[in-house]
Amino acid sequence: MTLMDSTSISVSSHPQYSISVGDTVLSLGSDNLLDLCWTDGLDTPCSICKRHFDNAVAPPVRTLQLLEASPKATPAGLQLPSIKITNSHLRCLKLSNIKFFPVSHAWHKPVARAYATRESSIEATRMVFELPVRILVAASQRFGSDVQIWHDYISIPQWQDSFRGTTILPQIFQIFKYGGTSLIHLDDEPTFDIHELPSSQDLSIRGPAMQCLFSARWFRRMWIIVEFTMCQDSYLMNSRFEIMPGRFSSLMEEITRISQTLPAPLEWMASIPMFSKDRSTHNCLGHVYDLLANQGCRSFRDYFIAACAMLEQDHDHRALAELPKDAQDACLWVSKRALERGDYSPLLLRPPNEPQHGRVRWLKGYMRIDEKMWGIGVQTNAAYIPPTILPDDSVQLEVRFLGALGDFSPNFDGESRLLVQCMLCKSRIHCGASMWREPKGAANLYLVPGLTYLNARCEHIGIVVEDAQVIGRALLGAPPCNCSEVAHIRLE
C-alpha cells in the first residue's frame with residue numbers, strides 16, 4: 001500500500017511532531033500519531049527499487065533519520081527535530097550496502113497497552129515518537145548526521161494485522177543480523193559510571209554500580225537475547241541518551257577477564273546471560289536454554305521461537321514457519337532439529353521440574369526451562385556418529401560401552417561419583433557425573449566418541465543409561481582400558 005495523498009491525511013488539531021515520508025510532510029499530534037504510524041500512514045514503495053512491498057514475503061525495513069542536520073538539537077531537548085522515514089527492502093539495503101543501527105529495548109507499559117487494545121493514549125503517543133527520535137539525535141551526535149536507526153515503536157505498523165504477533169519476528173531477527181551493531185537502550189539506567197574499560201580495582205570498588213547497570217530491565221527480557229545474538233556487537237545507551245564510549249562486547253570481555261583474577265567470584269555475573277554468549281550458539285540447544293532460562297516472555301512457546309531463531313540463523317524464515325503452534329510440539333520439533341544437526345544436548349539435559357513426557361520420554365523442557373538444565377557451555381566437538389531419530393521419535397545412538405554401573409555416591413552439590421567395572425578386563429573406572437536420579441536397577445555407562453563441551457572440563461562425555469533413558473551425564477578422562485566395544489542403544 002502506498003502513502004496516502006496529502007488531501008486524505010488527517011491533520012492534527014494540536015501538531016507536535018513532524019515526519020517527512022515520501023513527498024509529504026506530516027504534522028502529527030497525540031490525537032492522530034498512532035492512527036497513522038501504526039496503520040498504513042507511513043507506507044511507501046521501496047526507496048531503492050521503487051517497487052511495492054509484499055508483506056507476506058518481504059515487509060519493509062522502515063528506518064528513521066534526521067530530515068536536516070540540527071546542531072542545536074539535543075537528545076533531552078524540549079524541541080525535537082523533524083525526521084525522515086524511509087521504507088526499503090532488506091535485500092535492497094544489502095545490495096546498496098546501506099547500514100543502520102537497530103535499537104534493542106524493553107517495551108514500556110503504555111505502549112504495550114496501546115498495542116494490545118488498539119487504542120491510543122497521550123503517554124503512549126509521546127513514547128512512540130519521542131523515544132526513537134531522542135535516540136536518533138544521540139546517535140547522530142555520536143556517529144554523524146546521516147545515521148539511520150530502526151526502532152520498532154515507529155518502524156513497525158503495530159496495528160496492521162500482518163505485523164502483529166510472531167509473524168514479523170523472522171524479519172526483525174534478520175534486521176538485527178544485517179544491522180550488525182545495535183544500540184541497546186537501558187531506559188531505567190540513569191547514568192554510566194564507566195567511561196573506559198574497567199580495571200581489577202574498578203571491579204572491586206565499583207562492583208555495586210556495575211551490578212546495578214546489569215540489573216536494568218533490558219537484561220531480563222527474552223527477545224533481546226535473540227537480538228543481541230543476531231548482532232555482531234552493540235553500544236549501550238542510558239536513560240539520558242548517553243552512549244557508552246566503548247562497545248558492549250569489549251566491556252563484557254574485560255569484566256570476564258578481570259573477574260577470573262579476583263580472589264572471590266563476581267556472583268552477579270552468573271545471572272546475566274550476556275556473559276555466556278558464544279558465537280557457536282547454533283550448535284547447542286542446551287546452551288541456548290541456558291541463555292533463555294528465566295528471561296521474561298509472554299507465552300511459553302516464545303522460548304522455542306527464540307531457540308529456533310538462534311539455532312537456525314541462516315534459515316529462520318523457513319524454520320519458524322514450520323514450528324508447531326502447540327508449545328509441547330514446538331519443544332519436540334526444536335529438539336529433533338537439534339539432534340538432526342548432530343547436537344547431543346537434548347539428550348543430556350537435566351530434567352526440570354516437570355512430569356515425564358507421556359510419549360517421548362527423552363524430551364525435556366516441554367513444560368519448563370530453567371538454569372539448572374545444562375551448565376556445560378557450547379559444543380566444541382561434535383560426536384563422531386550423530387544420533388538417529390526413528391519414526392516413533394525414539395533415538396538410536398552408536399556409542400562405546402564402558403561397563404555396568406557399580407558403586408554410586410551422590411554428593412550434596414548435585415554431582416556424584418561413579419564406579420564402573422569393565423566387563424572384559426575387570427579394570428575400574430572412577431568418574432564424576434551429574435545424575436538426574438539414582439539407578440533403580442541395571443545401569444550402564446557409555447562413551448560418546450568425539451563429543452566435548454566448553455565448560456565440561458573433561459576429555460570425554462559419557463552417558464548413564466537405564467531402561468532406555470539417560471539418567472545422568474559423566475565427565476570422563478582417558479579410559480583406563482581399550483576394551484570398550486561399539487554399542488547401539490535406543491532411547492525412548
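The values are calculated or read from the model by the stated rules, or taken from the named source; none is laboratory data. This one's a predicted model, so the numbers in the text were calculated from it and none came from an experiment. Cβ: placed from backbone, ideal geometry, glycine included. Neighbour counts: every protein chain shown.
Which one of the conditions (1) in contact (Cβ under 8 Å) with a residue 24 or more places away in the chain; (2) surrounded by fewer than 16 Cβ atoms within 10 Å (Cβ to Cβ) does residue 116 fail to meet, given that it meets all the rest?
It fails just one condition, (1).
With respect to residue 372, determine if the residue is of a type in the set (Lys, Arg), under 24 Å from residue 435 (Cα atoms) and touching a helix residue (DSSP H, G or I) at 6+ places or on another chain (Cβ under 8 Å).
No; evaluated as a whole, the condition is false for this residue.
Please go through the stretch 384-398 and give me each residue that is buried (at least 20 other Cβ atoms within 10 Å of the Cβ) and either in contact with a Leu (Cβ under 6 Å, 6 or more places away or on another chain) or not hydrophobic (A, V, I, L, M, F, W, C) (or both), ordered by number. Spell out the reasoning first.
Initial filter on the stretch 384-398 (buried (at least 20 other Cβ atoms within 10 Å of the Cβ)): 387, 395, 397.
Listed by number, the residues that qualify are 387, 395.
Counting only residues that are closer than 21 Å to residue 363 by Cα and either outside any strand (DSSP E or B) or not assigned by TED's automatic domain parsing to the domain that holds residue 424 (or both), how many does the stretch 435-487 have?
Result for the stretch 435-487: 9.
Against the conditions (1) modelled with pLDDT under 95; (2) assigned to a loop (DSSP other than H, G, I, E, B); (3) under 35 Å from the mean Cα position of the chain (by Cα), where does residue 72 fall short? Just the number, please.
It is condition (3) that residue 72 fails.
Provide a single number: the residues in the stretch 356-369 that are surrounded by fewer than 16 Cβ atoms within 10 Å (Cβ to Cβ) and over 18 Å from residue 491 (Cβ atoms).
Selection size over the stretch 356-369: 2.
Looking at 148, 174, 160 in this structure, which one is under 23 Å from residue 60 (Cα atoms) and at pLDDT 95 or above?
That would be 148, the only listed residue that is under 23 Å from residue 60 (Cα atoms) and at pLDDT 95 or above.
Do we have any residue at all in the stretch 43-51 that's touching a Gly at 6+ places or on another chain (Cβ under 9 Å), assigned to a strand (DSSP E or B) and within 28 Å of residue 141 (Cβ to Cβ)?
Among the residues of the stretch 43-51, not one is touching a Gly at 6+ places or on another chain (Cβ under 9 Å), assigned to a strand (DSSP E or B) and within 28 Å of residue 141 (Cβ to Cβ), which makes the answer no.
In the stretch 127-145, is there at least one residue being farther than 20 Å from residue 85 by Cβ, among the polar types (S, T, N, Q) and either modelled with pLDDT of 95 or more or more than 20 Å from the chain's Cα centre (by Cα) (or both)?
Yes; the residues of the stretch 127-145 include at least one that is farther than 20 Å from residue 85 by Cβ, among the polar types (S, T, N, Q) and either modelled with pLDDT of 95 or more or more than 20 Å from the chain's Cα centre (by Cα) (or both).
Check the stretch 264-283 and report whether any residue there is among the aromatic types (Phe, Trp, Tyr), touching a helix residue (DSSP H, G or I) at 6+ places or on another chain (Cβ under 8 Å) and modelled with pLDDT of 85 or more.
For the stretch 264-283, residues among the aromatic types (Phe, Trp, Tyr), touching a helix residue (DSSP H, G or I) at 6+ places or on another chain (Cβ under 8 Å) and modelled with pLDDT of 85 or more: absent.
Please tell me if residue 353 is surrounded by fewer than 16 Cβ atoms within 10 Å (Cβ to Cβ) and farther than 25 Å from residue 172 by Cα.
Considered against the rule, which asks whether it is surrounded by fewer than 16 Cβ atoms within 10 Å (Cβ to Cβ) and farther than 25 Å from residue 172 by Cα, residue 353 comes out as yes.
So residue 30 ticks every box in (1) crowded, with 22+ Cβ neighbours inside 10 Å; (2) of a type in the set (Gly, Ala, Ser); (3) touching a helix residue (DSSP H, G or I) at 6+ places or on another chain (Cβ under 7 Å) but one. Which box is left unticked?
Unmet condition: (1).
Residue check: is residue 326 under 18 Å from the mean Cα position of the chain (by Cα) and acidic (Asp, Glu)?
no
If I filter the stretch 229-239 for residues that are at pLDDT 80 or above, assigned to a helix (DSSP H, G or I) and more than 30 Å from residue 166 (Cα to Cα), do I get at least one hit?
no
Let's see how each residue does on (1) surrounded by fewer than 19 Cβ atoms within 10 Å (Cβ to Cβ); (2) of a type in the set (Phe, Trp, Tyr); (3) under 16 Å from residue 37 (Cβ atoms); (4) in contact with a Cys (Cβ under 9 Å, 6 or more places away or on another chain):
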residue	(1), (2), (3), (4)
126	yes, no, yes, no
131	no, no, yes, no
147	no, no, no, no
151	no, no, yes, no
156	no, no, yes, no
165	yes, no, no, no
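Output the residue which, of all residues in the stretch 447-469 that are surrounded by 23 or more Cβ atoms within 10 Å (Cβ to Cβ) and within 17 Å of residue 402 (Cα to Cα), is nearest to the chain's Cα centre (by Cα).
So, considering only residues that are surrounded by 23 or more Cβ atoms within 10 Å (Cβ to Cβ) and within 17 Å of residue 402 (Cα to Cα), the one nearest to the chain's Cα centre (by Cα) is 451.
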